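Written out below as structure tokens is the structure these notes cover.
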Amino acid sequence: MENDKNSQKIVDYIQNFARKHSIFVLAYGTGCGAIEIPATMTSRYDAERFGIRGAATPRQADVLLITGYLSTKTLKRVIRVYEQMQEPKYVMGFGSCTINGGMYYDSYNTINGLDQYLPVDVYINGCMPRPEAVISGFVKLQELIQQGKAENGKKYRENLEHYRTNQKKIIKNWRMPDYNW
Amino acid sequence: MEDLGLKIFGAVLTTILGFTVGMTYGGIVRKLTARVQNRYGPPVYQNFLDLFKLQSKKTNIAHGFMGHMAPVWIIIAAVTVLMFIPILNGDLWFPNLSFHGDLIFLLYMMVFGSLGMALGAGQSGNPNSAIGVSRGLSQMVGFEIPFVLALVALMIQYETTSVQELTQIQHDTGVWMVFSNPFAFLAALFASLGMFRYAPFDIVGAPAELASGPISEFGGKYLGTMMSGGAIFAFIKLTLYVHLFLGGAGNPDNSGIFATLLGLGILLIKTFLLYMVPVFYGWINPRYRTEQAIRYFWGWPTALGIIGILWAVY
């Protein structure tokens, strides 16, 4: 969203304002973290007051929320889901497992470090992060969107070779359709 | 020529009005739902932000020609039907085409948008979409029967099919159709529960069950256009109900700017109160299954519709 002079024009500003206040979340409930999402969305913490609401399908979603560890099997599905999302799209890594593997750091079957495989905008630390931490992560993402710094969809497209190489190291039987924007 | 200019101006004004009111009502419902659930809730203008965000998505994908056309069909159908219903009875600013449309034509045209969505969803190839479409058509078979029975009761009672004339009769006699044929109104009110697709009749969209049903493969601009069409459709249904049963709005004897504003105010109050009926009903109900929904509509609402026809005949 940044123009040549590296400053936002009025249209970009308004677009970013709308994007910031309307975040459709696709919660990919891979691990134990999915249990924190209902608490974040319902009446006690009420994420909808920030304009955050659940999206049912990847086509409608803006944010892919990876809640917890990713096994090599689910990584394939996550990549497929991420590639179906429409730009601008953001990824949030949720919990220690997505950052460095967490308690599964030496497991033969999970990945350590989500950002080798997908571009991550915001990491939320904790095991598990409480709803306050999740909301603070969303607020951080909102700041990035407003500043026009959340451009990871473009980054993924431009560095596709790098990400594909990493992904294919993990997924041995790569039988996936081509990336179709 | 001046007349034509006024008509075009009126058409644009009507579309903007229907869109704004429909979207705002959706936002108010989201806020009210949040308050009922003891949440703070999104701001009232949240739907506009969602729409703006969806329209400013950078990539949009369509699965073939009908997938591309479905949102266009929906919004075309919405605007077309909007032109055929009287916004304010006999008003100078919203003349549109209200004199040339009748109820039977409206019944056909109101299905057109759903048909477009069904075709578009069918081409996306998503199994959730196919289930959603079949559910939607089943539900439509359910609620159309009491709705049509109620409208037929009105047509028999006053021997006209024109919405404009029905409104005018209520204005002239001073008796709203709620009172002159209460059974028809009740049947139509039950049908409206299914029309607005709030719980317990949200079996088409069913977020947790069907991944939002027919729209599951639509994102970005397509979803945004569908949202605008849906907002206009909500306004259409409410306005139609108000003009058929609740005495309409607007004063044909007085055509000043203040009469127009007063008419708009009355229209907004009546449509909002009417909109709260399916919303309130939805707050206290879980979701029906498809056959339960159809059985619901073919039970008491249909019986009330038949009683309404008998009331009109005798």
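The values are calculated or read from the model by the stated rules, or taken from the named source; none is laboratory data. A quick note: this is a predicted structure, and the numbers were derived from the prediction, not measured. In this analysis, Cβ positions are derived from the backbone assuming ideal geometry, glycine residues included, and neighbour counts consider all displayed protein chains. Heavy atoms of the whole protein, side chains included, go into the accessibility calculation; ligands, DNA and RNA do not. Shrake-Rupley method; radii C 1.70, N 1.55, O 1.52, S 1.80 Å.
Please compute the contact order of chain A in relative form: average sequence separation of alpha-carbon pairs under 8 Å and at least six residues apart, divided by the residue count, as a percent. Don't skip to the end; give the middle numbers.
Values: 297 pairs, mean separation 40.2, N = 181.
Once normalised by length, the contact order is 22 percent.
Over segment B:2-313, what is the relative contact order in whole percent, taking alpha-carbon pairs under 8 Å and six or more residues apart?
On the way: 500 pairs, mean separation 88.6, N = 312.
Relative CO of segment B:2-313 lands at 28 percent.
Can you give me the Cα centroid spacing of segment B:50-76 and segment A:102-131 in angstrom?
Between the Cα centre of segment B:50-76 and that of segment A:102-131, the gap is 34 Å.
I'd like to check one number: the per residue accessible area of segment B:2-313, probe 1.4 Å, reported in Å² as a whole number. Write down the numbers at each step before the final one.
Values: 12970 Å² over 312 residues.
On a per-residue basis, 42 Å².
Considering only protein heavy atoms and a 1.4 Å probe, what is the carbon-and-sulfur percentage of the accessible area of segment B:2-313?
Numbers: 9250 of 12970 Å².
Carbon and sulfur: 71 percent of the exposed surface of segment B:2-313.
Mind grabbing the base-10 log of I(q)/I(0) for chain A at q = 0.11 Å⁻¹? Debye formula, identical points on the C-alpha positions, no solvent, two decimal places.
Log10 of I(q)/I(0), two decimals: -0.47.
Dipole magnitude of segment A:112-164 about its Cα centre, charges +1 at Lys/Arg Cβ and -1 at Asp/Glu Cβ only, in debye to the nearest 20?
Numbers: 7 positive and 7 negative charges, 12 e Å.
The calculation lands at about 60 debye.
What are the ³J(HN,Hα) couplings of segment B:60-74, residue after residue, when phi is run through the Karplus curve with 6.51, -1.76, 1.60 and θ = phi - 60°? Round to Hz, x for glycine and proline.
9, 10, 10, 9, x, 5, 5, x, 6, 7, 4, x, 5, 4, 4
Explain nothing, just compute: Karplus ³J(HN,Hα) = 6.51 cos²θ - 1.76 cosθ + 1.60, θ = phi - 60°, for every residue of segment A:22-27 in order, whole Hz, x for Gly and Pro.
9, 10, 9, 9, 9, 7
How far is it, in nm, from the label point at B:PHE112 to the one at A:GLU161 when both lie 7 Å from their Cα along the line to the Cβ?
So the label points at B:PHE112 and A:GLU161 sit 5.3 nm apart.
Work out the mean other chain Cβ neighbour count within 10 Å for the residues of A:46-53 and drop it here as an integer.
Numbers: counts 7, 2, 10, 8, 2, 6, 1, 4.
Mean partner shielding for this stretch: 5.
Leaving ligands and nucleic acids out of the surface, order A:CYS127, A:CYS97 by accessible area at 1.4 Å, largest first. Before the final figure, lay out each step's value.
Numbers: A:CYS127 95, A:CYS97 15 Å².
The most accessible residue leads, giving A:CYS127, A:CYS97.
Treating only the Cβ of Lys, Arg, Asp and Glu as charged (+1, +1, -1, -1), what charge dipole size does the protein assembly as shown show about its Cα centre? Round to the nearest 20 debye.
On the way: 40 positive and 32 negative charges, 378 e Å.
Approximately 1820 debye in magnitude.
Could you sort A:ARG77, A:ARG164 by their accessible area in this structure, using a 1.4 Å probe and putting the largest first?
On the way: A:ARG77 120, A:ARG164 30 Å².
I get A:ARG77, A:ARG164, largest accessible area first.
For the protein assembly as shown, compute Rh as the Kirkwood radius over C-alpha pairs and then the Stokes-Einstein diffusion coefficient at 10 °C and 1.306 mPa s; write the answer in µm²/s, rounded to an integer. If you can, show how the numbers build up before the last one.
On the way: Rh = 24.6 Å.
It diffuses with D of about 64 µm²/s by this estimate.
Please list, in order along segment A:102-109, the HN-Hα scalar couplings obtained from phi with the Karplus expression 6.51 cos²θ - 1.76 cosθ + 1.60 (θ = phi - 60°), rounded to whole Hz, x for Gly and Pro.
Residue by residue, segment A:102-109 yields x, 6, 9, 4, 10, 6, 6, 10 Hz.
How crowded by other chains is A:84-95, given as the mean number of beta carbons from other chains within 10 Å of each beta carbon?
Details: counts 3, 5, 11, 5, 5, 3, 0, 0, 0, 0, 0, 0.
Rounded to a whole number, the mean comes out at 3.
Quick check: at a probe of 1.4 Å, how many percent of the accessible area of chain A sits on carbon and sulfur atoms? Write down the numbers at each step before the final one.
Numbers: 4260 of 8540 Å².
Percent of accessible area from carbon and sulfur atoms in chain A: 50.
In whole angstrom, how far apart do the alpha carbon centroids of segment A:31-86 and segment B:167-243 sit?
31 Å
Can you give the accessible area buried between chains A and B, summed over both chains, with a 1.4 Å probe, in Å² to the nearest 100?
Values: alone 9800 and 14630 Å², together 21900 Å².
Approximately 2500 Å², summed over both chains.
Remind me, relative contact order of segment B:108-204 in percent, using alpha carbon pairs under 8 angstrom and six or more residues apart? Present the calculation step by step, with values, prior to reporting the outcome.
Numbers: 55 pairs, mean separation 33.6, N = 97.
Computed value for segment B:108-204: 35 percent relative contact order.
Whose amide H sits under 5 Å from the amide H of A:ILE52, counting only residues 5 or more places off or on another chain, with H placed in the peptide plane?
The list, which skips near neighbours in sequence, is A:ILE23.
Which one of B:ALA303, B:ALA188, B:ALA34 has the biggest mean-square fluctuation once chain B is modelled by GNM with Cα springs under 10 Å?
Of the options given, B:ALA34 has the highest mean-square fluctuation.
Along the positive direction of the dipole of segment B:2-313 (beta-carbon charges: Lys, Arg +1; Asp, Glu -1; about the Cα centre), which of B:ALA78, B:PRO278, B:LEU13 reaches farthest?
In segment B:2-313, that residue is B:PRO278.
Per residue of B:45-51, what is the mean number of Cβ atoms on other protein chains within 10 angstrom of that residue's Cβ? Can you show the working numbers first?
On the way: counts 1, 6, 1, 2, 7, 7, 2.
Mean inter-chain Cβ contacts per residue within 10 Å come to 4.
Which Cα, out of A:ILE145, A:LEU118, B:GLN170, lies furthest along the positive dipole direction of the protein assembly as shown (beta carbon charges, K/R +1, D/E -1)?
Going by the Cα projections, it comes out as A:LEU118.
What does the accessible area of B:SER134 come to, in Å² to the nearest 10, when a probe of 1.4 Å is used?
60 Å²
Work out the FRET efficiency for B:PHE179 and A:ASN100 from their Cβ-Cβ distance, taking R0 = 51 Å, and round it to the nearest 0.05. Write down the numbers at each step before the final one.
Numbers: r = 71 Å, r/R0 = 1.40.
It comes out at approximately 0.10.
Taking amide H atoms as placed 1.01 Å from N in the peptide plane, list the residues 5 or more away in sequence, or in a different chain, whose amide H sits under 5 Å from that of B:ALA199.
Sorted by chain and number, the residues that satisfy this come to none at all.
Taking the Cα centre of segment B:2-313 as origin, sum charge times position over the Cβ atoms of Lys and Arg (+1) and Asp and Glu (-1), and report the length of that vector in debye to the nearest 20. Kindly include the intermediate steps, with their values, before the conclusion.
Numbers: 16 positive and 14 negative charges, 269 e Å.
With Lys and Arg at +1 and Asp and Glu at -1, about 1300 debye.
For segment B:2-313, which semi-axes, largest first and in whole Å, follow from the square roots of 5 times the eigenvalues of its Cα gyration tensor? Each step should come with its number before you reach the end.
Details: eigenvalues 182, 118, 71 Å².
Listed largest to smallest, the semi-axes of segment B:2-313 are 30, 24, 19 Å.
Going from most exposed to least, what order do B:LYS31, A:LYS73, A:LYS140 have by accessible area with a 1.4 Å probe? Intermediate results must be reported in sequence, preceding the final value.
Numbers: B:LYS31 45, A:LYS73 145, A:LYS140 100 Å².
Largest to smallest exposure gives the sequence A:LYS73, A:LYS140, B:LYS31.
Summarise the long-distance tail of P(r) for segment B:211-291 by giving the % of C-alpha pairs beyond 20 Å. Present the calculation step by step, with values, prior to reporting the outcome.
On the way: 1785 of 3240 pairs.
That fraction is 55 percent.
What are the residues whose amide H is under 5 Å from the amide H of B:LYS58, where those residues sit 5 or more places off or on another chain and H is modelled from the backbone?
Amide H neighbours of B:LYS58, under 5 Å, 5+ apart: A:GLU87.
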